[in-house]
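Engineer: Handing you a structure now.
The values are calculated or read from the model by the stated rules, or taken from the named source; none is laboratory data. Since we're looking at a predicted model, the values are computed, not measured. All Cβ positions, even for glycine, are placed from backbone atoms using ideal geometry, and neighbour counts span all protein chains on display.
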Ligand SMILES: *Cc1c(COP(=O)(O)O)cnc(C)c1O
């Protein structure tokens with residue numbers, strides 16, 4: 001269980017769950033997901049790992065580290081457009097990952113060809129979707145939801161809402177499935193850091209549906225849809241772009257609380273949460289914010305402070 005504590009008390013009580021402190025390679029939600037993938041890899045006799053993501057990808061960093069620690073080769077397919085050198089890409093080199101950069105339109109095809117080539121060479125590759133998307137990634141946050149329930153049981157504090165940064169939607173889907181399986185009706189609000197609705201919310205609903213179907217044969221697509229609150233109002237100029245308010249928020253979280261947040265995910269989501277609370281006149285609630293990680297990106301961002 002990651003640290004969870006009261007952060008701010010104003011019109012509401014804001015608590016924070018520090019998944020950035022998961023004890024593996026700067027933690028974060030990608031570490032939570034990757035643990036489950038590597039349990040399968042360890043059991044299945046796989047000889048290498050294939051995944052995709054950008055040069056700044058937290059997912060690729062953690063997967064490349066877990067592969068290297070086991071002596072497994074990690075093959076990463078990356079879109080040419082995203083090839084900016086970052087602390088995450090520097091770590092990929094350190095982990096000896098092989099990175100193939102291709103045009104964004106060719107990523108899917110290159111993954112297929114890479115898997116084919118590796119199999120032809122007698123390898124047994126394990127494929128992980130970008131960001132750890134899929135039922136196993138969802139499972140990681142069903143488990144995290146269980147930790148939140150445990151905290152509530154032990155502390156007697158109940159959270160009215162949960163906020164976090166939402167990207168591919170697996171984190172949000174896992175939390176929603178956790179709530180559904182426990183019959184909880186509280187709002188799980190994903191603050192989008194890139195995708196617009198309707199697509200952004202649909203992707204989360206699809207993940208909820210896919211996972212819930214493995215648990216309940218009669219679970220409907222409508223039930224999945226109505227459980228999703230995917231908020232696309234605080235994206236600003238788009239993925240990886242942030243404004244002065246997001247920077248000010250990151251600065252305050254660091255100076256006042258000693259919590260590093262990156263501008264692409266966590267600070268953007270935290271700022272979005274504060275705006276959402278104000279715009280919707282939410283008062284007198286216990287609110288949980290999940291810090292989903294991204295600490296290496298924080299160091300890339302430090303230049304902008
Ligand atoms: C990937 C990532 C997210 C988004 O998670 P999804 O499960 O893809 O929605 C949020 N925060 C950080 C720091 C991330 O690296």
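Engineer: With respect to the numbered conditions (1) touching a residue at least 12 places away in the same chain (Cβ under 8 Å); (2) more than 16 Å from the ligand (Cβ to nearest atom), which one is the sole condition not fulfilled by residue 265?
Structural biologist: (2)
Engineer: Further, regarding this structure: Is it the case that region 85-96 has a residue that's within 16 Å of the ligand (Cβ to nearest atom) and assigned to a loop (DSSP other than H, G, I, E, B)?
Structural biologist: Among the residues of region 85-96, at least one is within 16 Å of the ligand (Cβ to nearest atom) and assigned to a loop (DSSP other than H, G, I, E, B), which makes the answer yes.
Engineer: While we're here: One residue is enough: does region 144-158 have a residue meeting the conditions touching a strand residue (DSSP E or B) at 6+ places or on another chain (Cβ under 8 Å) and closer than 22 Å to residue 223 by Cβ?
Structural biologist: Yes: region 144-158 contains one or more residues that are touching a strand residue (DSSP E or B) at 6+ places or on another chain (Cβ under 8 Å) and closer than 22 Å to residue 223 by Cβ.
Engineer: How many of the residues making up region 113-127 are free of Cβ contacts under 8 Å to residues at least 12 places away in the same chain and surrounded by 11 or more Cβ atoms within 10 Å (Cβ to Cβ)?
Structural biologist: Within region 113-127, residues that are free of Cβ contacts under 8 Å to residues at least 12 places away in the same chain and surrounded by 11 or more Cβ atoms within 10 Å (Cβ to Cβ) number 4.
Engineer: Checking the condition over 23 Å from residue 34 (Cα atoms), without any contact (Cβ under 8 Å) to a residue 40 or more places away in the chain and more than 9 Å from the ligand (Cβ to nearest atom), which residue from 183, 178 passes?
Structural biologist: 183
So that you can scan it fast, the table gives a plain yes or no per residue for (1) out of contact with any strand residue (DSSP E or B) (no Cβ under 6 Å at 6 or more places or on another chain); (2) crowded, with 19+ Cβ neighbours inside 10 Å; (3) free of Cβ contacts under 8 Å to residues at least 40 places away in the same chain:
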| position | (1), (2), (3) |
| --- | --- |
| 12 | no, no, no |
| 17 | no, yes, no |
| 28 | yes, yes, no |
| 35 | yes, no, no |
| 52 | no, yes, no |
| 108 | yes, no, yes |
| 111 | no, yes, no |
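Engineer: May I ask you to list pairs of residues, at least six apart or on different chains, whose Cβ atoms are under 9 Å apart, with the first in region 269-289 being over 13 Å from residue 8 (Cβ atoms) and the second being part of a helix (DSSP H, G or I) and within 16 Å of the ligand (Cβ to nearest atom)?
Structural biologist: Close Cβ pairs (under 9 Å, with a partner that is part of a helix (DSSP H, G or I) and within 16 Å of the ligand (Cβ to nearest atom)) amount to 271/246; 271/249; 271/250; 272/246.
Engineer: In this structure, does residue 227 turn out to be away from the ligand (no atom under 16 Å from the Cβ) and at pLDDT 95 or above? Let's see the steps before the verdict.
Structural biologist: Details: away from the ligand (no atom under 16 Å from the Cβ): no; at pLDDT 95 or above: yes.
So residue 227 does not fit the description; no.
Engineer: Quick check on residue 136: is it closer than 25 Å to residue 73 by Cα, surrounded by 14 or more Cβ atoms within 10 Å (Cβ to Cβ) and more than 16 Å from the ligand (Cβ to nearest atom)?
Structural biologist: no
Engineer: Right, here's the next one. Filter region 23-60 for residues that are assigned to a helix (DSSP H, G or I) and either away from the ligand (no atom under 16 Å from the Cβ) or more than 13 Å from the chain's Cα centre (by Cα) (or both) and give the result.
Structural biologist: Within region 23-60, 35, 36, 37, 38, 39, 40, 41, 42, 43, 44 qualify.
Engineer: Kindly indicate which of 295, 242 is buried (at least 19 other Cβ atoms within 10 Å of the Cβ), out of contact with any strand residue (DSSP E or B) (no Cβ under 7 Å at 6 or more places or on another chain), modelled with pLDDT under 95 and on the phi < 0 side of the Ramachandran plot.
Structural biologist: Going through 295, 242 in turn, just one is buried (at least 19 other Cβ atoms within 10 Å of the Cβ), out of contact with any strand residue (DSSP E or B) (no Cβ under 7 Å at 6 or more places or on another chain), modelled with pLDDT under 95 and on the phi < 0 side of the Ramachandran plot: 242.
Engineer: Let me ask something additional. I need a count of the residues in region 1-22 that are in a loop (DSSP other than H, G, I, E, B) and within 16 Å of the ligand (Cβ to nearest atom).
Structural biologist: Applying the first criterion (in a loop (DSSP other than H, G, I, E, B)) to region 1-22 yields 1-3, 10-12, 22.
From what is left, the residues that are within 16 Å of the ligand (Cβ to nearest atom) are 2, 22.
Total satisfying the criteria: 2.
Engineer: Please go through region 149-169 and pick out each residue that is away from the ligand (no atom under 16 Å from the Cβ) and in contact (Cβ under 8 Å) with a residue 12 or more places away in the chain.
Structural biologist: Across region 149-169, the qualifying residues are 149, 150, 151, 157, 158, 159, 160, 161.
Engineer: If residue 172 passes every condition in (1) in a helix (DSSP H, G or I); (2) within 13 Å of the ligand (Cβ to nearest atom); (3) out of contact with any strand residue (DSSP E or B) (no Cβ under 7 Å at 6 or more places or on another chain) but one, which one does it miss?
Structural biologist: (3)
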